[in-house]
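Participant: Attaching a single structure in structure tokens format; questions to follow.
Read the figures in this text as sums done on the coordinates, not as results from a lab. Note that the structure is a prediction, hence the values are computed from the model and not measured. Every residue, glycine as well, gets a Cβ built from its backbone with ideal geometry; the counts of neighbours run over all protein chains shown.
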Amino acid sequence: MSIAKTYLPKEAEEKWYSYWLQHNFFRSVPDEREPYTIVIPPPNVTGVLHMGHMLNNTIQDVLIRRARMLGKNACWVPGTDHASIATEAKVVAMLKERGINKKDLSREEFLSYAWEWKEKYGGIILEQLKKLGASCDWERTRFTMDDDMSEAVTDVFIRLYKKGWIYRGVRMVNWDPQGKTAVSDEEVIRKEVNQKLYYIRYALSQEDGLSESGGKDHLIIATTRPETIMADAAICINPNDERYIHLHGKKVFIPLINREIPVILDDYVTMDFGTGCLKVTPAHDLNDYELGQRHHLPVIDILNDDGTLNENAQILVGEDRFAARKKIAVLLEEAGALEKTEDYTSQVGFSERTNAAIEPKLSMQWFCKMQEMAKPALDYVLNGDVKLIPDKFINTYRHWMENVRDWNISRQLWWGQRIPAYYLPNGEYVIAKTIEEALEEAKAITQNPDITAKDLRQEDDVVDTWFSSWLWPISVFDGVKNPDNAEINYYYPTNDLVTAPEILFFWVARMLMAGHELRGQAPFKNVYLTGIVRDKQGRKMSKSLGNSPDPLELIDKYGADGVRVGMLLCSPAGNDLMFDESYCEQGRNFFNKVWNAFKLVKGWEVNDKLSNPNAIAIEWFESRFNQALTEIEENFAQYRLSEALMATYKLVWDDFCAWYLEMIKPAYQQPIDKETYNRTITLFENILKVLHPFMPFITEELWHDELFGERTESDCCIVAQLPLNGQVNTQLINEIGVIQQIIANIRNVRNSKQISPKESLPLAVKATSGIDYIKYEPIIKQLGNIDSFTHTQEQVEGAVNFIGGTDNFYITLNIAVDKEAEQKRLEKERDYLTGFLKSVNAKLNNERFMANAKPEIIENELKKRTDAEVKLKIVEDNLSGLAD
RNA sequence: GGGAGUUUAGCUCAGCUGGUUCAGAGCAUCUGCCUUACAAGCAGAGGGUCACUGGUUCGAACCCAGUAACUCCCA
């Protein structure tokens, strides 16, 4: 069987992915092996695959594949998240396109549309992940609104309610007027916005003849929200503000509506911001709300849920808040109440989901107490039971957990798990899993046996999506409803969680809370936090900027293996990565290199009669391989995936292809001996194993080549066991290091003298180092194209020389040596060595150094000294030889 | 305003407990090569005041203090 000139990723990818599926290699069921578990951060059903997913899932797949090859029972649970706000918005938009208004639908009707939408689009990302090679156990695919997952959510709600950790209350919430729902603090994105600061004149009440005493009949406030003046409950000034002493105890009129409000004193007010007079609008600003509470001010809510002004506003009723802002500015101007406007930039919150400007709004919501749950969740991280990688996130995490506020868990939406609260006609409510249970309880608390299900009304709100996804690592194994089942006992706690730092609080912290509360154990041991994928200019990749490549096109262009390698090459843990397609190109070049190396080996003819001349090369590479294995292992242990990949890359490209294969490569059209051939095939197989987690497809493709002999159906690279660490001959590695130096020097001489690599050269060595060059002669000859290699005690006249290790080498050329240039070069080297020696001696002659430095460091300095002395002598000898 | 982080070659990053030939890698660049696995390649080379200023130390990219720039989080 011959092998194609280049590797064709697409064919191999399709072929092997379905082969793996057919043979159930991704499947995991509990057995006696050690489990290794990852639950996928479930992507939103609304999403399409973006570069963040590519990175995140490449990392997870590398970890999972490696664990599988280490003999663990690797289980990667996939699934999707229902993403209540985002999905509901999509469905509403879809309905709108079809000419259907959500308001005209019943809850049930709307939900059936939503499910229809989910069935159609909800699995797209998972399908796309398959193209990347993701080895998830697809039989375990879960959705956060699967019946049993939802039941778990209800159970947990009831459990926490019974503990007194869930309560209902009026709070200032972040209101999304477009989604018409409250959103949590974490779902509000603050952005700098260019606004105007309106300076508005409020007339003072004249009842006590103030205009004479104060000389003024008005005060001026500065606000960015003039449309909320109708909701003002007071004007607040700082009691220490000397400019306004005359206002103490006075009252003012709100312009346009002429409602009278008091002037109150509170040192909350910053004197040097605006005019120092603050309008207090308790219904529409969190700080004002708290101020209002302190001063017992009325709460006047002038906004409807959709952001339009209501009757309480008296004017501009029905206008949208932003339209109202423009109009009221005109009205104020006309009324002579607008002093001036100024440009002003400030932070405004926007809904993460709908991008609508968030409106602080008072409303009745359900809350989950955080205090008790935050403590153990923080402790897991602080005492190291759960490791954050990189650990710089511990500080942020701690800060958040120590300042956590109660979690608003209700959402005024339909898509999600409906809150299991049932209201009685008298306004009381009961919490129950079903309406039947609710009815029982209602009868009990009201002492009224005649209550029927019809008298009960279930809460309209659903719970926040995170209230279901915080159960994810437990509920995917049915561990909420059946806390002692075999699966959860086997797979929980999971090993690694790979996610973005942005959702450290949203999700990771809450999973820790739920894990502790429900199982007394953190849900995972390590949290690997990936960076944000940015473009070359450092901008976050986004649809609106259009700066994100289409992942599937990338896979098409560079192969899944190329893209995987490309992603990892530029992804240090926790740091953002500046993605550039050239990384994928590098990945593609890499697998191409592997392919070509394979072609070389495959092309060899074996002659049984030949003896093995390559024992040293083989032993050297085996040692290097074992050394690299350790290095790779250490990198993985520290989650330095890009470095593990780089170590693999260099092992394959440099050590194996550039050195080993060149060392053993038979001359053109010459056969190779059997032993070298067989050993090389084994080495190649080991290389495929090490490469597999990074490049699953090409390695599987090559694995099945007949070069490796017959394979049984289930003998696949994906389930092969990684090679064990073997012996490392350090002396051999060091000596080959010197040999490599010598060869580089020979090539350099050729290059600088413009001698063709085809022209063989004579090499002589004057050795004192004790390296047995005879042993390495075949390698030097083969790689340096040397025809004779002689040992000498004398300097070789008229030859070019160089130092390899601490020995002096000569190449006699049949062209004259440029003595002057040679002298200059040697002088330069002499000066360098002299300087170097001086600095080493300075250390060694320093009493404090000798007294304080560790023995091995002193030993090292001594070695540096002897080496430098030897080299200096060589250089000086060569110099005097040149002078003769 | 508060907190955290970053700053090392043209780019992206390593650099562990301060001590290995006066700081390493990959990519990019330059030079020479279509050398029979690979031009998606081979061989070689150049490239750094470790942000800045002080301090500690026999010794600092690394520890300490300050400054600057950038990024993120919270208000």
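Participant: Thinking of the range A:740-796 as a set of Cα atoms, what percent of all their pairs are more than 13 Å apart?
Facilitator: When all Cα pairs of the range A:740-796 are counted, 60 percent exceed 13 Å.
Participant: Over all directions, average the projected area of the Cα convex hull of chain A and note it in nm².
Facilitator: 53.6
Participant: Now a separate question. Counting pairs of alpha carbon atoms under 8 Å apart in space and at least six apart in sequence, what relative contact order in percent does the range A:686-770 give? Intermediate results must be reported in sequence, preceding the final value.
Facilitator: Values: 32 pairs, mean separation 18.6, N = 85.
It comes to 22 percent, rounded to a whole number.
Participant: Also: Using only Cα atoms, find the angle between the long axis of helix A:855-883 and the longest principal axis of chain A, and express it within 0 to 90 degrees, rounded to the nearest 10.
Facilitator: 50
Participant: With point charges of +1 on the Cβ of Lys and Arg and -1 on the Cβ of Asp and Glu, referenced to the Cα centre of chain A, which listed residue (A:Y380, A:N312, A:I774) lies farthest in the positive direction of the dipole?
Facilitator: Checking the options against the dipole of chain A, the answer is A:I774.
Participant: Report the gain in length on full extension from A:D460 to A:E109: 0.36 nm times residue separation, minus Cα-Cα distance, nm rounded to one decimal.
Facilitator: 124.9 nm
Participant: Then there's this: From zero outward in steps of 10 Å, how is the percent of C-alpha pairs of the range A:551-728 spread across the bins?
Facilitator: 9, 35, 35, 16, 4, 0
Participant: Next question, about the same structure. Measure nothing fancy, just the Cα-based angle from helix A:819-844's long axis to the longest principal axis of chain A, in degrees from 0 to 90, nearest 10.
Facilitator: Helix A:819-844 and the main axis of chain A meet at about 60 degrees.
Participant: Which of the lysines could be linked to A:K387 by a straight reach, that is with a Cα gap under 24 Å, when you skip same-chain ones fewer than 8 residues away?
Facilitator: Answer for A:K387, where 24 Å is the Cα cut-off: A:K72, A:K375, A:K525, listed by chain and number.
Participant: Could you give the dipole magnitude of the range A:349-447 about its Cα centre, charging the beta-carbon of Lys and Arg +1 and that of Asp and Glu -1, in debye to the nearest 20? Present the calculation step by step, with values, prior to reporting the outcome.
Facilitator: On the way: 12 positive and 13 negative charges, 71 e Å.
Value, rounded to 20: 340 debye.
Participant: Using a cut-off of 10 Å between beta-carbons, work out the net charge of the residues near A:K72 (Lys and Arg +1, Asp and Glu -1, A:K72 not included).
Facilitator: Neighbour charge sum, excluding A:K72 itself: +2.
Participant: In a solvent-free Debye calculation with one equal scatterer on each Cα, what is log10 I(q)/I(0) for the range A:761-883 at q = 0.15, 0.21 Å⁻¹, listed in the order of the q values?
Facilitator: Debye output, listed in q order: -0.78, -1.16.
Participant: Apply 1/(1 + (r/R0)^6) to the Cβ-Cβ distance of A:R159 and A:F849, taking R0 = 45 Å, and write down the FRET efficiency to the nearest 0.05. Kindly include the intermediate steps, with their values, before the conclusion.
Facilitator: Numbers: r = 66 Å, r/R0 = 1.46.
So, using R0 = 45 Å, E works out to roughly 0.10.
Participant: FRET efficiency for A:D556 and A:A637, Cβ-Cβ distance as r, R0 = 35 Å, nearest 0.05?
Facilitator: 0.50
Participant: To continue, here is another question. What percent antiparallel are the DSSP beta bridges of chain A, to the nearest 5?
Facilitator: For chain A, the DSSP antiparallel bridge percentage is about 70.
Participant: Among A:H704, A:N729, A:C716, whose Cα lies farthest out toward the positive end of the dipole of the range A:680-742, if unit charges sit on the beta carbon of Lys, Arg (+1) and Asp, Glu (-1)?
Facilitator: The residue sitting farthest along the positive end of the dipole is A:N729.
Participant: Here's another thing I want to ask about it. Apply 1/(1 + (r/R0)^6) to the Cβ-Cβ distance of A:A816 and A:E619, taking R0 = 41 Å, and write down the FRET efficiency to the nearest 0.05.
Facilitator: Result of the calculation: an efficiency of 0.50.
Participant: Please compute the length gained on full extension between A:I394 and A:Q293, using 0.36 nm multiplied by the number of residues separating them and subtracting their Cα-Cα distance.
Facilitator: 32.8 nm
Participant: How big is the range A:1-156 along each principal axis, measuring the range of its Cα positions in Å and listing the largest first?
Facilitator: On the principal axes, the range A:1-156 reaches 66, 43, 26 Å in Cα extent.
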